[in-house]
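Notes follow the structure.
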Amino acid sequence: MTENLLWDEFPALYRKLLPTWFGQSYEPEALATCRDCAMCRPNPGRHKIATYQPHLKCCTFYPDLPNYLVGALLSDTDPATAEGQKRVRNLIQQRSGVSPYGVNAPLLRELLYAHAGGDAFGNSETLLCPYFHRENHNCSIWRYRNAVCSTFFCKYNDGRAGEAFWQSVKEYLGFVQGLLSEVALERLNFPSNALPANPMKRLVGRNTRLSAADLDGRVDDATWYKLWGDYAGREDAFFIACYREISQLTPDDLATLGGFEERRHAAKVQAAKRAVDYPQLPPVLHRNPSVRIHEEREQHIVVEGFNGLTEMPILLWRFIQTCSGEETEQTIAAFETKHGLEIEEDLIINMVQNRFLLAEEELAG
Ligand code: SF4
Ligand code: SF4
């Protein structure tokens with residue numbers, strides 16, 4: 001059987017660039033069934049739960065594409081990338097959100113996303129990604145998708161431990177994207193005097209103000225030529241040059257360039273991976289008071305948990321209800337004696353990862 005290696009999830013250029021521990025194996029997220037989107041199924045039942053539209057899915061998001069990934073996409077000679085190349089070229093022509101750092105979300109789109117309500121993700125046409133192919137229901141730049149897109153899953157094999165792991169990878173790659181987009185500029189001796197702050201490092205919020213140009217999504221010629229200097233009109237060539245520069249870097253270069261921050265992010269990813277690979281049973285367990293029963297069937301119930309709706313035997317639900325802060329081992333032993341059965345530790349760990357059961361500190365938090 002082919003082993004799934006972590007760095008195969010990401011754009012190919014990272015394989016020569018990321019630390020070798022990114023070559024470790026991982027279990028693909030089998031619950032996030034993207035071809036038959038797990039979030040687009042109807043949910044008959046007692047409570048309303050979150051669903052997405054099939055022609056939008058989880059792509060109601062405008063990704064930041066750093067300069068070197070734009071260049072990698074534009075350098076690809078496979079006809080399968082033609083659609084993505086056409087789209088990114090259109091965005092470059094439109095200028096809004098485009099800078100030597102990459103093809104980024106225009107400020108207006110970032111603000112809309114930041115202020116979107118609970119049901120907007122997965123359901124708002126306005127938030128749809130410019131690279132999403134509506135007819136095919138898929139991504140036109142899949143091989144070059146960014147840190148957010150390559151680490152997002154709507155459901156996780158290992159529940160919250162899986163989510164924490166992918167979140168840490170997202171933060172690591174997000175840091176790398178911000179760093180390398182600047183390294184590319186440095187290596188190309190791009191004049192820094194006309195450059196704004198790196199959009200991949202900005203935070204938008206309540207106090208963010210939009211100019212008339214931001215609101216209208218336009219960039220006039222004077223601003224554009226000042227920003228791009230000699231590369232104005234040759235933006236494609238510039239992005240490809242960024243890709244070539246970054247392709248030459250090694251993991252040692254990345255470690256030197258990233259310094260303490262790279263090591264900090266790396267340590268977080270490795271700790272999160274250990275939590276997935278070697279999960280521990282908390283010494284004390286509480287039932288999660290916010291879990292709701294969605295439907296009752298013979299000998300089974302359907303409950304809404306971390307990964308959405310989950311069917312479980314009534315007996316397991318009864319065990320969960322007995323967990324009220326006593327020591328885990330005692331709770332398990334008492335239940336096993338009362339019902340004349342044995343509960344596997346993996347099953348209880350699964351209940352913890354899916355937040356049907358909470359550790360002491362989670363209940364307090
Ligand atoms: S990750 Fe996105 S596309 Fe894949 S199953 Fe989940 S919501 Fe659907
Ligand atoms: S880049 Fe691709 S995966 Fe990411 S939001 Fe857009 S269409 Fe979806």
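The values are calculated or read from the model by the stated rules, or taken from the named source; none is laboratory data. Everything numeric in this text was worked out from a predicted model, so none of it was measured. Ideal geometry is used to build each Cβ from the backbone, glycine not excepted, and the neighbour counts take in all protein chains shown. These area figures cover heavy atoms from the full protein model, side chains too; ligands, DNA and RNA do not enter into them. Shrake-Rupley method; radii C 1.70, N 1.55, O 1.52, S 1.80 Å.
Annotations for the structure displayed:
- The apolar share of the surface of segment 284-364, taken as the fraction of accessible area on carbon and sulfur atoms (1.4 Å probe, ligands and nucleic acids excluded), comes to 46 percent.
- Averaged per residue, the chain has 53 square angstrom of accessible surface, using a 1.4 angstrom probe with ligands and nucleic acids left out.
- Put simply, the amide H of SER99, placed in the peptide plane, has neighbours under 5 Å in ASN104, leaving out anything fewer than 5 places away on its chain.
- Cys residues of the chain counted as unpaired, since no other Cys beta-carbon is under 4.7 Å: CYS34, CYS58, CYS139, CYS149, CYS154, CYS242, CYS323
- You can think of it this way: the chain between ALA237 and GLN167 has 21.9 nm of extra reach, that is 0.36 nm per residue less the Cα-Cα gap.
- Segment 6-277, accessible surface, carbon-and-sulfur percent (1.4 angstrom probe): 52
- Anchor LYS48: lysines whose Cα lies under 26 Å away (excluding residues fewer than 8 positions away in-chain): LYS57, LYS155
- With the simple model of a label 7 Å out from the Cα in the direction of the Cβ, HIS55 to ASP346 spans 4.3 nm.
- With 0.36 nm allotted per residue and the present C-alpha distance subtracted, the ASP220-LEU203 stretch has 3.7 nm of extension available.
- Separation of the THR337 and GLU296 label points, Cα + 7 Å toward Cβ, nm: 3.0
- Rounded to the nearest 500, the 222 nm mean residue ellipticity of the chain from helices alone is -12500 deg cm²/dmol, with -39,500 (n - 2.57) taken per DSSP H run of at least 4 residues.
- Computed from the Cβ-Cβ distance with R0 of 25 Å, the FRET efficiency linking ASP78 to ALA30 stands at 0.35.
- In segment 230-365, Cα pairs under 8 Å separated by at least six residues give a relative contact order of 25 percent.
- By the Cα gyration tensor, the chain has an equivalent ellipsoid whose semi-axes, rounded to whole angstrom, run 44, 23, 18 from largest to smallest.
- Where a label projected 7 Å from the Cα of SER324 along Cα→Cβ would reach, residues of segment 289-303 with amide N under 19 Å: 289-293
- Calculated from backbone phi, Karplus (6.51, -1.76, 1.60) coupling profile of segment 236-248 in Hz, x at Gly/Pro: 4, 4, 5, 5, 5, 5, 4, 4, 4, 4, 5, 5, 7
- The mean sequence separation of alpha-carbon pairs under 8 Å and at least six residues apart, normalised by the residue count of the chain, gives a relative contact order of 20 percent.
- For segment 233-314, alpha-carbon Rg over 2.2 N^0.38 Å: 2.04
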